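Engineer: The structure's right below; bear with me while I get my questions together.
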Amino acid sequence: MVLITGGAGYIGSHTASCLLDAGHDILILDNLSNSFRSTIDRLQGFAKTSTLRFVEGDLLDRKLLDRLFLEYSIKAVIHFAGRKSVPESMQNPMLYYQQNVEATLNLVRAMGEHGCHRMVFSSSAAVYGDAQAVPVTEVCPALPKSPYGHSKLMVEQVLRSIASAEPQWCLTILRYFNPVGAHPSGQLGESPRYPLSNLFPQLAQTIAGEAGPFQVLGQQYASEDGTGVRDFIHVQDLAEGHLSALSRQQPGCQTYNLGTGKGYTVLEVIAAFEQVTGQPVPFEMAPARAGDIGCLYASVELSRHALAWQAHRGLNQMVEDYWRWWCSSTAYGTPLRGCS
Ligand code: WQD
């Protein structure tokens, strides 16, 4: 059985569906702090030849972790659970060090004590900060600009230290670039409890007439049109990357970028939304966001070779799947809009 922490969340739920499709039995542990029980109910539909168990609980609950490792035969862990908002981390850093770092220490302790030594860990391109050069490779210096990025890097360092001290551990660190899109079935997508400030949801809100003109944050970056550049990756490609990572784990601790290797500017993403939705996007230029990175996209050479994996869904498909989910998400009672 594979334990998926944070499996009711955005990337976690897509990865859970891939594992179920591939015949893995899974146990999801999630405190539902930024996700909904209804996602678990829909995931059950993917469990055809395999089983899905769900436990609502928190990684800070050490007794619960001991109970899970005693009760279930857990051979590997995919660890998504944590907080992921850069601005929130600037305002409340302790929340990030507690829920991202302390919670992971609890998990790793329980794993070690119960003889489970395989983990795939959700890290982030946020560890790079302002990369000196793009595409950014895994050996580029990691200089995070936010407590969120620092919390991810701290966990990475813990995992690397454990792997070098104890050879039985097989640890894989995946640094995600900008996950977007939704499951092509329309059954899964991002269902947060809090409003999102990211590019895709902001654009969707403007197009749906639920917000004023979209604000392009910063026009002086070193890109073709001056707007920020990101490596958007379809969440389903990202999920498939986890399956590859899990099946190719080796002793030690390896770190891989998961991106497409291609960057798009904010204006290019606006154009893709206009094309896919057939609606104009009213936008205005606005000052850059504090702490924002300019241009960041991944070198994907290492993940392509070592994981035998690459992203293949393009920007238009990311927008199509995202927009379909956006338009239908209220039907599931987990509205992106209002995020109640
Ligand atoms: C992308 C671009 C903005 C909103 C995210 C997550 C972070 C981490 C990495 C997981 C930038 C511009 C945005 C808007 C805009 N994820 N923009 N108007 O900054 O890369 O951060 O990915 O680890 O948790 O927050 O992504 O989608 O916020 O911004 O012009 O209203 O869109 O300035 O250039 P970012 P984003």
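Engineer: Could you work out the relative contact order of segment 125-211, using alpha carbon pairs under 8 angstrom and six or more residues apart, expressed as a whole percent?
Structural biologist: Averaging sequence separation for qualifying contacts and normalising by length gives 19 percent for segment 125-211.
Engineer: For K262, give me every one of the lysines with a C-alpha distance below 25 angstrom, ignoring sequence neighbours fewer than eight places off in its own chain.
Structural biologist: Leaving aside lysines fewer than 8 places away in the same chain, those within reach of K262 are K84, K145, K152.
Engineer: Just how large is the dipole of segment 140-203 about the Cα centre, in debye to the nearest 20, putting +1 at every Lys and Arg Cβ and -1 at every Asp and Glu Cβ?
Structural biologist: 140 debye
Engineer: Dipole of the chain, Cα-centred, from +1 at each Lys and Arg C-beta and -1 at each Asp and Glu C-beta, to the nearest 20 debye? Before the final figure, lay out the partial values.
Structural biologist: On the way: 25 positive and 30 negative charges, 120 e Å.
It works out to roughly 580 debye.
Engineer: Still on this model: Return the tail of the calculated pair distribution for segment 183-340, meaning the percent of Cα-Cα pairs more than 24 Å apart. Please list the in-between numbers first.
Structural biologist: Details: 5129 of 12403 pairs.
Every Cα pair in segment 183-340 considered, those over 24 Å come to 41 percent.
Engineer: Rank the residues M1, M285 as a footprinting-exposure proxy: fewest other Cβ atoms within 10 Å of their Cβ go first.
Structural biologist: If I rank by nearby Cβ atoms, fewest first, I get M285, M1.
Engineer: Could you size up the charge dipole of segment 192-340 around its Cα centre, putting +1 on the beta carbon of Lys and Arg and -1 on that of Asp and Glu, and report it in debye to the nearest 20?
Structural biologist: On the way: 9 positive and 13 negative charges, 90 e Å.
Dipole about the Cα centre, nearest 20: 440 debye.
Engineer: Can you give the relative contact order of the chain as a percent, counting alpha carbon pairs under 8 Å and 6+ residues apart?
Structural biologist: About 19 percent, as a whole number.
Engineer: In angstroms, what radius of gyration and Dmax does the chain have, counting Cα atoms only?
Structural biologist: Values for the chain (Cα only, Rg and Dmax): 19.2, 56 Å.
Engineer: Among R67, R53, R248, determine the one that fluctuates most according to a GNM of the chain built with springs between C-alpha atoms less than 10 Å apart.
Structural biologist: In this elastic network of the chain, the residue with the biggest mean-square fluctuation among R67, R53, R248 is R67.
Engineer: Order of F232, F54 from fewest to most other C-beta atoms within 10 Å?
Structural biologist: F54, F232
Engineer: So, one more: Which value results for Rg/Rh of segment 1-126 when Rg is the Cα radius of gyration and Rh the Kirkwood radius based on the inverse mean 1/r? Provide the component values of the computation, followed by the final result.
Structural biologist: Numbers: Rg = 14.1 Å, Rh = 14.7 Å.
When Rh is taken as the Kirkwood radius, the ratio is 0.96.
Engineer: Could you give the nm distance between label points at K75 and S328, where each point is 7 Å from its Cα heading toward the beta carbon?
Structural biologist: A separation of 3.3 nm, rounded to one decimal place.
Engineer: Please list, in order, the residues from segment 246-281 whose amide nitrogen is less than 13 Å from a point placed 7 Å along the Cα→Cβ vector of E210.
Structural biologist: No residues fall inside that zone.
Engineer: Using +1 at the C-beta of Lys and Arg and -1 at the C-beta of Asp and Glu, which of P93, L65, V108 has the Cα lying farthest in the positive direction of the dipole of segment 37-143?
Structural biologist: Ranked along the dipole, the leading option is L65.
Engineer: By counting other Cβ atoms within 10 Å of each Cβ, how are S191, S146, S13 ranked from fewest to most?
Structural biologist: Details: S191 24, S146 21, S13 30.
Fewest-to-most ranking of S191, S146, S13: S146, S191, S13.
Engineer: Now, a different point. Which listed residue (L159, Y176, I207) has the Cα farthest towards the positive end of the charge dipole for segment 151-238, taking +1 on Lys and Arg C-beta and -1 on Asp and Glu C-beta about the Cα centre?
Structural biologist: Positive-end residue among those listed: L159.
Engineer: DSSP loop (so not H, G, I, E, B), at most 13 other Cβ within 10 Å: list which GluC sites (Glu not before Pro) in segment 130-235 pass both filters.
Structural biologist: Loop-located and lightly packed - E210, E224.
Engineer: Still on this structure, please answer the following. Thinking of segment 135-181 as a set of Cα atoms, what percent of all their pairs are more than 13 Å apart?
Structural biologist: Roughly 66 percent, rounded to a whole number.
Engineer: Okay, moving on. So for the pair H305, D41, with labels modelled 7 Å out along Cα→Cβ, what separation do we get in nm?
Structural biologist: Spacing of the two 7 Å Cα→Cβ label points: 4.8 nm.
Engineer: Another question about this same structure. Could you tell me which of rounded, prolate or oblate describes segment 93-158, using a ≥ b ≥ c as the square roots of the eigenvalues of the alpha-carbon gyration tensor, with rounded for a/c under 1.5 and, failing that, prolate when a/b is larger than b/c and oblate otherwise?
Structural biologist: Here segment 93-158 falls in the oblate category.
Values in this text are rule-based calculations from the coordinates and carry no lab data. What you are looking at is a predicted structure, and each value in this text was computed from that prediction instead of being measured. In this analysis, Cβ positions are derived from the backbone assuming ideal geometry, glycine residues included, and neighbour counts consider all displayed protein chains.
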